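The values are calculated or read from the model by the stated rules, or taken from the named source; none is laboratory data. What you are looking at is a predicted structure, and each value in this text was computed from that prediction instead of being measured. Cβ placement follows ideal geometry from the backbone for every residue including glycine, while neighbour counts extend to all protein chains displayed. The protein model used for the area step is the full one, side chains on, heavy atoms only, and it has no ligands, DNA or RNA in it. Shrake-Rupley method; radii C 1.70, N 1.55, O 1.52, S 1.80 Å.
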Amino acid sequence: MLKITQIIATYVAILTTGFITTDLHAADLTEAAARDVNVVINPHPRAELARETVHGWRFEQDIADWEAAHHIESAQSQDGVMVIETNGSDPYLFSPLLEVPTTEAMSIRVRIRSEAGGDGQLFWATDDGPHFTESRSKRFTMEHDGKWHEYDVPIQPTGTTITRLRLDPAQATGRIEVSHFTIDTVQLHPLEIERVQAEGDAFHAWVRYHGEGEQRVTVASHFKSGPSQVQQQHEKTLSSGDVWRATFEIDDASWGRDGKAPVARFDVEASTAGVEPVSRRVRLHRENAATPENWKTISNETLTVRLHPRGLFARIYREGERVALIGPLVTLANGDSAGMDVQTQGDRATLIGEEARVTLRLEGAQLHATVEAEEEVEALVTRVLGDLEQGLLPGLEHLGAGEWSSSKADIETEEHVRFEPPRMHVTMPLLAVVTDRVSVAMLYNDLSENRPIFASPNFFDGTADHRMSVRGERIEAVLRFDEAWGEQRLEDLITWAYKTRGMADVAERPRSTDEQFALSLHALNGVLRNDNGWGHCAEESWARNFYADHAGTIWRLTGEMPDVPELVRGGAHLPNDSAYFASGRAQQWLNQVNGEAARLRDIQREDGSYGYDGKYARTHFEDTASGHNGKQAATLLTHAWYTGNADSLAAGLKTLEYAKRFRTPRGAQVWEMPMHTPDVLAAARLVRAYVLAYRLTGDEDHLTEAKRWAISGLPFLYQWQMGDEAAMPWAVIAVYGATNWEAPNWIGLPVQWCGLPYADALLMLAEHDETFDWTHVAEGILVSAEWQMYDEGEMAGTLPDSFVLDAGERRGPNINPCAMVSLRLRLEGDLANLAVAEADGRRVVSPYPVSFEGDVARIEASPGQRYQIVIDGERVLTIDSQGVDEVNAW
């Protein structure tokens, strides 16, 4: 495990060379992969010097020759604005033809008032790229609150001329108004402070010169701690594109009058002739400095908080050890810290200033904080000390040891930068970091008004701590400071957050169970079916086969087995093998599951793991992952559960023993996703595998691991609701990344089918564990899916592959409902797949509920039905049911 000095050295190496030179991971990470993955983020955009509008439109008389092209019912001038009424999920308009010369930096500004939903997108065509493509477009997050908002979208078009624009103003039906639209040229500052880094007694600032020719550049630093101020200055001549690392000493004078202050403000300013300087502000913390006597203190038996006398910073001690810094407590819009008078009494503090008011209260290991301000502020900037073991920004980041947030491991487009995401991308109001010194979670009150910020390591200040904060005008938060890694894991913080906040309610179902099943049958007998069988998805491009999952679903719902010439195993996202047993093909099923398990046993590596050498391993630090192993272990242990096969049991347990080393659910969808990408399906596979291991062995350690992986899946689920969107609570973000590292980017875009296997695994766990109401979670996931399901039109009865929450837009391909039927049956207390009864080492597999009474297997079947059972994984028996059938399994 790397220590702070190694992390700092690694960070500096990246800043200097552009790539990593010290391994941050447990396994080898190649230099090429590291260059692609870990990039230092500049949270401050390059400054503008000037802006000029070179073309624009207003819509006071007409719509200025804009052309409504797709999913737009009408576009007309009304009350001085262009009023757009959309009638579909992909509305867009074309501008008139243009001849606008391009420059290095341009921006499109559009003022919109919308009551629709989804993101906006701007496309541009140029003389060298006359067609609209994703590569010549820019998405922007929109607010659909019926209020005016101006969106400033920077673009860098190629070619010499912009020839046309396309505006996609939403992704849903609704009314949209546009008051004006401009194309601007932007003059950017020739200097940019790209990076900063504290290193021991030095501070580095990387300055890039973007101008032409050569220019003399001055870089100055201003250290300020209390009333003292120290300035250092360097000069150098830079050529176009040069990057200069300017280094400043951090001596005692930098830390206040007596050289002992624990915190200091550091302003870096870069200047050259003819333009205003650019600056960047950071705040440094000297960990080994004593806390000055004039700082004020609140404390209890676990925590001590020492507050700067003007309310600028707080140092956090847990059981006497310094573990974190909160600073600034409040940052104003201009970047200054809000000064406040501090009053303390026992375990409470009140801080009052002209711009903000803060109250603090200690309760055990928790710090309760309330922030109220006149305008939006960034507050409770918490810097967690120690080496990163795990980190979480729910919906966007799930980090393991030494990993970096906003890396390119899962997304290589500019969307990899996600330190301050749109609210709709965040699944629950929690931030968490676990280090080798402390575990810290921040649970805040309101995602509809607050926005989180997360950076690990802290690229805002160039320090090796881990930074998290919240923006808003009113913020209520609870910070928990718990034990270090080893005693605590990320799952413990997730558990605390869920139990503190409570689980989201499950929305009212859109239809009854009978209506839901009728809708599902409508799709299975209609858009999904042709003479060759059923499709996994409804679109004709998906092959039709006589899938066992579809046939078994129809049999469960109707009692009638479809007349099919063959059965092809699979077809749905939850298995339903009952069709084999209802159609006299149980031996075929047995041969298939035996063969599948034998193949997995043959390719298992000596240590129990399964490797992957495909293209999606490129940005991962090893050739295996939790989800990849979980899938194989679940298959092996399912085989052992059905057949009693000792070899499959031993192999599956060996894989699960290896899997205890994993910390992050990832690597379950390597048909299109990077192996490194956090993935809820990985959690699902591992929960299922460990529950089966517990059932087969009775070993409580397996149940402990099953609970750990179940908890790791919870941050993938939305726990809040924007507006009245019933599908939002319990909607599932499947992965924290993008297909092929580029597109689609699945962050903020629910893919509910990935939650269905997770829900199914939770129902298994619910039979053995009461940590949470796992049945409630599974119900929530399914009800969200039922709301997302098509209830009319050609695709009625299918589930869209993805669902745009604030737009209500369904995106194909459109998936069969078999897994949803299986979950609803289980939640109603009915059998969905195969039942297993075991006694004294003997087992029976049946398509009907089965139990042992002594030596007799008692099967609750349907009178007149012919079906089969499998005994001890070897013998197939055909039964003509009398209703309740008894079989001597011995």
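Some observations on this one:
- Applying the criterion of being within 33 Å of the chain's Cα centre (by Cα), open to solvent by 40 Å² or more (accessible area, probe 1.4 Å) and in contact (Cβ under 8 Å) with a residue 60 or more places away in the chain to the residues of the range 542-580, the residue that is farthest from Asp514 (Cα to Cα) is Trp542.
- Note on the range 668-700: residues that are without any contact (Cβ under 8 Å) to a residue 12 or more places away in the chain and within 25 Å of Tyr718 (Cα to Cα) amount to 0.
- Test result for Gly259, loosely packed, with under 15 Cβ neighbours inside 10 Å and touching a helix residue (DSSP H, G or I) at 6+ places or on another chain (Cβ under 9 Å): yes
- Of the helices (runs of 4 or more DSSP H) contained entirely in the range 755-867, those carrying at least 1 residues that are among the small types (Gly, Ala, Ser), touching a helix residue (DSSP H, G or I) at 6+ places or on another chain (Cβ under 9 Å) and without any contact (Cβ under 8 Å) to a residue 40 or more places away in the chain fall at 755-766, 774-788.
- Taking the criterion of being assigned to a strand (DSSP E or B) and among the charged types (D, E, K, R), the residues of the range 379-427 that qualify are Arg383, Glu389, Glu397.
- Members of the range 665-691 found to be in a loop (DSSP other than H, G, I, E, B) and within 14 Å of Lys707 (Cα to Cα), listed by number: Pro665
- Residue satisfying all of: in the range 57-80; part of a strand (DSSP E or B) and of a type in the set (A, V, I, L, M, F, W, C); surrounded by the fewest Cβ atoms within 10 Å (Cβ to Cβ) among these: Ala69
- Selection count where residues are in a strand (DSSP E or B) and modelled with pLDDT of 95 or more, scope the range 198-219: 12
- One residue from Glu779, Glu792 being at pLDDT 95 or above, open to solvent by 10 Å² or more (accessible area, probe 1.4 Å) and over 23 Å from the mean Cα position of the chain (by Cα): Glu792
- Flag if Ala116 is assigned to a strand (DSSP E or B), on the phi < 0 side of the Ramachandran plot and not charged (D, E, K, R): no
- Among the conditions (1) open to solvent by less than 10 Å² (accessible area, probe 1.4 Å); (2) without any contact (Cβ under 8 Å) to a residue 40 or more places away in the chain; (3) small (Gly, Ala, Ser), Ala172 misses just one, which is (2).
- Residue tally, condition in contact with an Asp or Glu (Cβ under 9 Å, 6 or more places away or on another chain) and among the basic types (Lys, Arg), over the range 233-288: 5
- Single match in Leu831, Leu799 (criterion: surrounded by fewer than 23 Cβ atoms within 10 Å (Cβ to Cβ), touching a Leu at 6+ places or on another chain (Cβ under 9 Å) and at negative phi): Leu831
- Residue ranges of strands (runs of 3 or more DSSP E) in the range 439-489 with at least 3 members open to solvent by less than 10 Å² (accessible area, probe 1.4 Å), modelled with pLDDT of 95 or more and within 22 Å of Thr141 (Cα to Cα): 451-455, 466-482
- The range 653-667 residues that are without any contact (Cβ under 8 Å) to a residue 60 or more places away in the chain, paired with ones that are surrounded by 22 or more Cβ atoms within 10 Å (Cβ to Cβ) and aromatic (Phe, Trp, Tyr) (beta carbon under 7 Å, 6 or more apart): Leu656/Tyr690
- Qualifying residue in the range 698-718 (condition: open to solvent by less than 10 Å² (accessible area, probe 1.4 Å), in a helix (DSSP H, G or I), hydroxyl-bearing (Ser, Thr, Tyr) and under 22 Å from Leu600 (Cα atoms)): no
- Residues that are part of a loop (DSSP other than H, G, I, E, B) and over 21 Å from Arg666 (Cα atoms), drawn from the range 596-611: Glu606
- Matching residues, the range 148-162, being in a strand (DSSP E or B) and open to solvent by 30 Å² or more (accessible area, probe 1.4 Å): Trp148, His149, Glu150, Asp152, Pro154, Thr161
- Qualifying residue in the range 862-869 (condition: surrounded by 23 or more Cβ atoms within 10 Å (Cβ to Cβ) and either modelled with pLDDT of 95 or more or within 44 Å of the chain's Cα centre (by Cα) (or both)): yes
- Qualifying residue in the range 455-467 (condition: of a type outside the set (Phe, Trp, Tyr) and within 21 Å of Arg357 (Cα to Cα)): no
- Consider the range 262-318 and keep the residues that are acidic (Asp, Glu) and in contact with a strand residue (DSSP E or B) (Cβ under 7 Å, 6 or more places away or on another chain). The one that is nearest to Ala464 (Cα to Cα) is Glu287.
- The one condition in (1) more than 39 Å from the chain's Cα centre (by Cα); (2) open to solvent by 70 Å² or more (accessible area, probe 1.4 Å); (3) over 30 Å from Val217 (Cα atoms); (4) not β-branched (Val, Ile, Thr) that Glu301 fails to fulfil: (1)
Matching residues to (1) modelled with pLDDT of 95 or more; (2) open to solvent by 40 Å² or more (accessible area, probe 1.4 Å); (3) aliphatic (A, V, I, L, M):
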site: Asn87; (1), (2), (3): no, yes, no
site: Ser95; (1), (2), (3): yes, no, no
site: Val110; (1), (2), (3): yes, no, yes
site: Arg113; (1), (2), (3): yes, yes, no
site: Asp119; (1), (2), (3): no, yes, no
site: Glu134; (1), (2), (3): no, yes, no
site: Gly146; (1), (2), (3): no, no, no
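Residues checked against (1) over 15 Å from Pro277 (Cβ atoms); (2) surrounded by fewer than 21 Cβ atoms within 10 Å (Cβ to Cβ); (3) out of contact with any helix residue (DSSP H, G or I) (no Cβ under 6 Å at 6 or more places or on another chain):
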{"residue": "Ile193", "(1), (2), (3)": "no, no, yes"}
{"residue": "Gly211", "(1), (2), (3)": "no, yes, yes"}
{"residue": "Phe223", "(1), (2), (3)": "yes, no, no"}
{"residue": "Ile250", "(1), (2), (3)": "yes, no, yes"}
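- Of all residues in the range 612-626, those satisfying the criterion of being within 14 Å of Ala682 (Cβ to Cβ), assigned to a loop (DSSP other than H, G, I, E, B) and free of Cβ contacts under 8 Å to residues at least 60 places away in the same chain are Thr624, Ala625.
- Glu487 vs. criteria farther than 27 Å from His550 by Cα and touching a residue at least 60 places away in the same chain (Cβ under 8 Å): no
- Filter pass, Ala504 being in contact with a helix residue (DSSP H, G or I) (Cβ under 8 Å, 6 or more places away or on another chain) and buried (at least 23 other Cβ atoms within 10 Å of the Cβ): no
- Selection status of Ser225, over 40 Å from the mean Cα position of the chain (by Cα) and hydroxyl-bearing (Ser, Thr, Tyr): no
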